[in-house]
1. On the given criteria, is L71 modelled with pLDDT of 95 or more, in a helix (DSSP H, G or I) and open to solvent by less than 10 Å² (accessible area, probe 1.4 Å)?
2. Of all residues in the stretch 75-85, which are at pLDDT 95 or above and either among the polar types (S, T, N, Q) or crowded, with 23+ Cβ neighbours inside 10 Å (or both)?
3. Considering D88, D158, which residue is open to solvent by 20 Å² or more (accessible area, probe 1.4 Å) and over 29 Å from S40 (Cβ atoms)?
4. May I ask you to verify whether S35 is hydroxyl-bearing (S, T, Y) and more than 17 Å from the chain's Cα centre (by Cα)?
5. So for the stretch 129-146 (the condition being hydroxyl-bearing (S, T, Y), open to solvent by 40 Å² or more (accessible area, probe 1.4 Å), free of Cβ contacts under 8 Å to residues at least 60 places away in the same chain and assigned by the TED database to the domain that holds F95), does at least one residue qualify?
6. Is it the case that V151 is in contact with a Pro (Cβ under 6 Å, 6 or more places away or on another chain), of a type in the set (A, V, I, L, M) and buried (at least 18 other Cβ atoms within 10 Å of the Cβ)?
7. Yes or no: L84 out of contact with any helix residue (DSSP H, G or I) (no Cβ under 8 Å at 6 or more places or on another chain) and within 20 Å of D161 (Cα to Cα)?
Amino acid sequence: MDYALLPFPTYTRERDYAGRPDLRAALASGARSVSAGSISNLELLDHLVEVLRDLPWKIMVDHCHEQEGSLHVAVLATDLGRSLEKGDEVNAGFFLQNSEAGRFDTLACARVFRVACWNGMLLECDEGQSFCVAAGGDRPGAWREKIKEVVDRSFCGDGIDVDAARFRATTQQIVMTPYEFLCNLYAQGLITDDEQHSIQRAFDEAADFSMYGVINAVTQAAHGLRANDRWARAFQIERLGGEILRGDHNLPAQDPVFSR
């Protein structure tokens, strides 16, 4: 279910978020079952809200979803962004996921938000951009400090400068067709056949024949996944977009062919 996360307003678009209950209030109103070694969603959110309130930026909620102990939250700073060479703009943001049942990893990481199409991308390029607790692992004693470090990096002016520079570099990488690249992702099991077709279609429709266009086409697929209530998969796709930006999953280099 989609929730509000007070005291921050929600970044609204086509879906009506008016009157959504506050997630922390909903979690506090009932008993929760948390598996051994896991962190409760309420603990995480209380700490996150406290850290975000200390920031000098205007924080808004992009997504706040909780279902049967599975939590996915994304926020952005609407007044901390950078323009790209194409006249596009990306805003600084942060992402948090958690499973009280230990179904998936607890992950806190930087997330940039592309204003033009509401695409998000998880960034784990630099030290301090992410913090992960493996599902089924021991609950770390310093998780509060680690999450604060990631939040501070996510909403740092110098940090968003570095991230924007990475995006600008991809606008100069021409990719006439991402077909071979997407086949490589499919062969590695990183995307499904349906996702490959969806990404190819988004790339063709945008007609941005650069690696920046490929990355945006990949992250565009997350919208449909969230619409079908596949929240965990949606953010896996956003994480894949960040990995591509980082330079992962490139096509294998071919052996040089020399003329005789």
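The values are calculated or read from the model by the stated rules, or taken from the named source; none is laboratory data. Quick caveat: nothing in here was measured; it's all calculated off a predicted structure. All Cβ positions, glycine included, derive from the backbone under ideal geometry; neighbour counts span all protein chains shown. For the accessible areas, the whole protein counts, side chains as well, though only heavy atoms, and no ligand, DNA or RNA atoms are used. Shrake-Rupley method; radii C 1.70, N 1.55, O 1.52, S 1.80 Å.
1. Details: modelled with pLDDT of 95 or more: yes; in a helix (DSSP H, G or I): no; open to solvent by less than 10 Å² (accessible area, probe 1.4 Å): yes.
Here the answer is no, as L71 does not meet what is asked.
2. V75, L76, T78
3. Details: D88 fails: open to solvent by 20 Å² or more (accessible area, probe 1.4 Å).
Of the residues listed, the single one that is open to solvent by 20 Å² or more (accessible area, probe 1.4 Å) and over 29 Å from S40 (Cβ atoms) is D158.
4. Numbers: hydroxyl-bearing (S, T, Y): yes; more than 17 Å from the chain's Cα centre (by Cα): yes.
So S35 passes the test.
5. At the first step, the residues of the stretch 129-146 found to be hydroxyl-bearing (S, T, Y) are 130.
If we keep only those that are open to solvent by 40 Å² or more (accessible area, probe 1.4 Å) as well, we get 130.
With the extra rule that they be free of Cβ contacts under 8 Å to residues at least 60 places away in the same chain, the set shrinks to 130.
Narrowing further to those that are assigned by the TED database to the domain that holds F95: 130.
Checked the stretch 129-146: at least one residue is hydroxyl-bearing (S, T, Y), open to solvent by 40 Å² or more (accessible area, probe 1.4 Å), free of Cβ contacts under 8 Å to residues at least 60 places away in the same chain and assigned by the TED database to the domain that holds F95.
6. Numbers: in contact with a Pro (Cβ under 6 Å, 6 or more places away or on another chain): no; of a type in the set (A, V, I, L, M): yes; buried (at least 18 other Cβ atoms within 10 Å of the Cβ): yes.
It is false that V151 is in contact with a Pro (Cβ under 6 Å, 6 or more places away or on another chain), of a type in the set (A, V, I, L, M) and buried (at least 18 other Cβ atoms within 10 Å of the Cβ).
7. On the way: out of contact with any helix residue (DSSP H, G or I) (no Cβ under 8 Å at 6 or more places or on another chain): no; within 20 Å of D161 (Cα to Cα): yes.
In short, no.
This table checks each residue for (1) modelled with pLDDT of 95 or more; (2) part of a helix (DSSP H, G or I); (3) open to solvent by 60 Å² or more (accessible area, probe 1.4 Å); (4) not β-branched (V, I, T).
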{"residue": "A169", "(1), (2), (3), (4)": "no, yes, no, yes"}
{"residue": "G224", "(1), (2), (3), (4)": "no, yes, no, yes"}
{"residue": "D229", "(1), (2), (3), (4)": "no, no, yes, yes"}
{"residue": "H249", "(1), (2), (3), (4)": "no, no, no, yes"}
{"residue": "P252", "(1), (2), (3), (4)": "no, no, yes, yes"}
{"residue": "D255", "(1), (2), (3), (4)": "no, no, yes, yes"}
